[in-house]
Amino acid sequence: PKGTITILGLGAMGSAVADRLRATGHDTTVWNRTPAKTAPHRAAGSNVASTVAEAANASDLVLVVLLDHASVREHLEPVAADLKHRVVVNLTTTTPNEARSTAAWAAAHGITYLDGAIMAVPDMIGRPGARLLYSGDENAYAIARPVLETLGTAEYEGTDAGLASLKDMALLAAMYQMFGGVLHAIAMMRTVGAAPTDTARDLVDWLGALIPIAADFGADVEKREYAAPPGQSVDFTRPALASIITASREQGISADFLEPVKKHLDELAATGRGGAEWASVVEQLTIE
Ligand code: NDP
């Protein structure tokens, strides 16, 4: 894209995006609902638009970094005509269906739409480890790519606009459950006076050593082959989980995070699948 790049939204993430684009030599035009937040960007060299329409008309490429789906629609819908023929990249976190809905709205108004998901915190933008997922209009990706690659590694997931959000949500589902487990362990150990920082160090080592097993689970689920290696069957894992649940409760710690896993394994055992690898629990997660 030639000329200035518009950034709508100057919260923690939008500001990081604007900072990075300026640092990589791009001309930027910014808008934020609360005008005070534009001051440091103006001082650093950005153009400041006082309305969304003005910001939209300034650029061929508009990056949206607002709070949520509702705020995106609230501010983009009134300026649909101003966005016509421009590329809009929505980096706001949304669900896959919200992304698809915005993509359909954009298509109906002649707007070239790409949806994005940011797998990074603001401090990581433009640094190693920052990863951003995109899906939707392939042409929009091709046009925006050189700019997007300055923010972090860019990965295009496909033409279905919901795909970037879907992967975002899947990776976050894993993250929250893993960190839920981390906090469960810290709570258990704190009951005997263990410093949470010490338990956390143990967990970094323990989980770090185990995480490559995820690749084995992926391979088994892909083949739907659940022959259990020693110590990996449903029948082995059920009593292990029962002990962990009992030990948690005996320390006065809730087992709420663990019980659903045990419940699914109990169902597998009750339907004659106790000898299978416990990763076969993935088949229990599909809601019929
Ligand atoms: P902040 O809370 O720091 O900023 C929110 C931004 O959205 C502000 O610019 C705010 O404007 C604006 N906003 C909120 N509601 C409205 C509204 N109704 N109308 C107009 N503008 C509105 O959030 P972040 O910048 O951290 O997050 C922005 C997006 O980035 C979110 O979707 C978030 O999920 C995503 N993201 C953030 C990450 C992070 O670590 N922070 C990581 C990955 C993704 P105002 O200044 O006027 O309040």
- Gaussian network model of the chain, Cα within-10 Å springs - most flexible of Leu171, Leu21, Leu210: Leu210
- Query: Can you list, largest first and rounded to whole Å, the semi-axes you get for the stretch 26-113 by taking the square root of 5 times each eigenvalue of its Cα gyration tensor?
  - Reply: 23, 14, 11
- Task: List the pair-distance distribution P(r) of the stretch 222-288, using every Cα-Cα distance, as the percent of pairs falling in each 10 Å bin from 0 up to the bin containing the longest distance, rounded to whole percents.
- Result: 22, 48, 25, 5, 0
- Note on the structure: Fewest to most Cβ atoms within 10 Å: Ser165, Ser101 sort as Ser101, Ser165
- Query: If you stretched the chain out fully between Thr286 and Asp60, how much longer would it get, using 0.36 nm times the residue separation minus the C-alpha to C-alpha distance?
  - Reply: 77.1 nm
- Measuring from its Cα centre, the stretch 5-159 shows a charge dipole (+1 at each Lys and Arg Cβ, -1 at each Asp and Glu Cβ) which, in debye to the nearest 20, is 340
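Assuming a viscosity of 0.890 mPa s and a temperature of 25 °C, what translational diffusion coefficient in µm² per second does Stokes-Einstein assign to the stretch 154-214, Rh being the Kirkwood radius over Cα pairs? Walk me through the intermediate numbers first.
Values: Rh = 13.8 Å.
Diffusion coefficient, whole number: 178 µm²/s.
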- Message: As a test, work out the antiparallel percent of DSSP beta bridges whose residues both lie in the chain, rounded to the nearest 5.
- Response: 25
- Item | Where the Cα pairs of the chain fall when distances are cut into 10 Å bins, in % | 6, 23, 25, 18, 17, 10, 1
- Between Asn32, Ala80, Pro96, whose Cα lies farthest towards the positive end of the dipole of the stretch 32-156 when Lys and Arg beta carbons carry +1 and Asp and Glu beta carbons carry -1, centred on the Cα centre? Asn32
- For the chain, what does -39500 (n - 2.57) per DSSP helix run (n ≥ 4), summed and divided by total residues, give at 222 nm, in deg cm²/dmol to the nearest 500? -15500 deg cm²/dmol
- Note on the structure: A correct fewest-to-most ranking of Arg20, Arg249, Arg33 by other Cβ atoms within 10 Å would be Arg249, Arg33, Arg20
- How far is helix 12-23 tilted off the main Cα axis of the chain, in degrees rounded to 10, range 0 to 90? 60
- Item | Mean-position separation - Cα centroids, the stretch 183-214 and the stretch 2-60, in angstrom | 42
- Task: At q = 0.10, 0.20 Å⁻¹, what is the base-10 log of I(q)/I(0) for the stretch 5-159 according to the Debye formula with one equal point scatterer per Cα and no solvent? Please give it to two decimals.
- Result: -0.29, -1.33
- Note on the structure: Within the set Gly275, Gly14, Gly126, GNM on the chain using Cα springs under 10 Å gives the largest fluctuation to Gly275
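Place a +1 charge on the Cβ of each Lys and Arg in the chain and a -1 charge on the Cβ of each Asp and Glu, then give the dipole magnitude about the Cα centre in debye, rounded to the nearest 20.
800
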- Query: Once fully extended, how much extra length lies between Ala23 and Lys84, figured as 0.36 nm per residue of separation less the alpha-carbon to alpha-carbon distance?
  - Reply: 19.1 nm
- Note on the structure: To the nearest 10 degrees, the tilt of helix 196-210 (Cα long axis) against the first principal axis of the alpha carbons of the chain is 90
- Message: With only alpha-carbon atoms in the gyration tensor, what are the semi-axes of the equivalent ellipsoid for the stretch 167-285, in Å, largest first?
- Response: 26, 18, 13
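None of the figures in this text is laboratory data; all of them are computed from the coordinates on show. As the structure is a prediction and not an experimental result, all values here were calculated from the model. Here the Cβ is made from the backbone with ideal geometry for all residues, glycine too, and neighbour counts use every protein chain on show.
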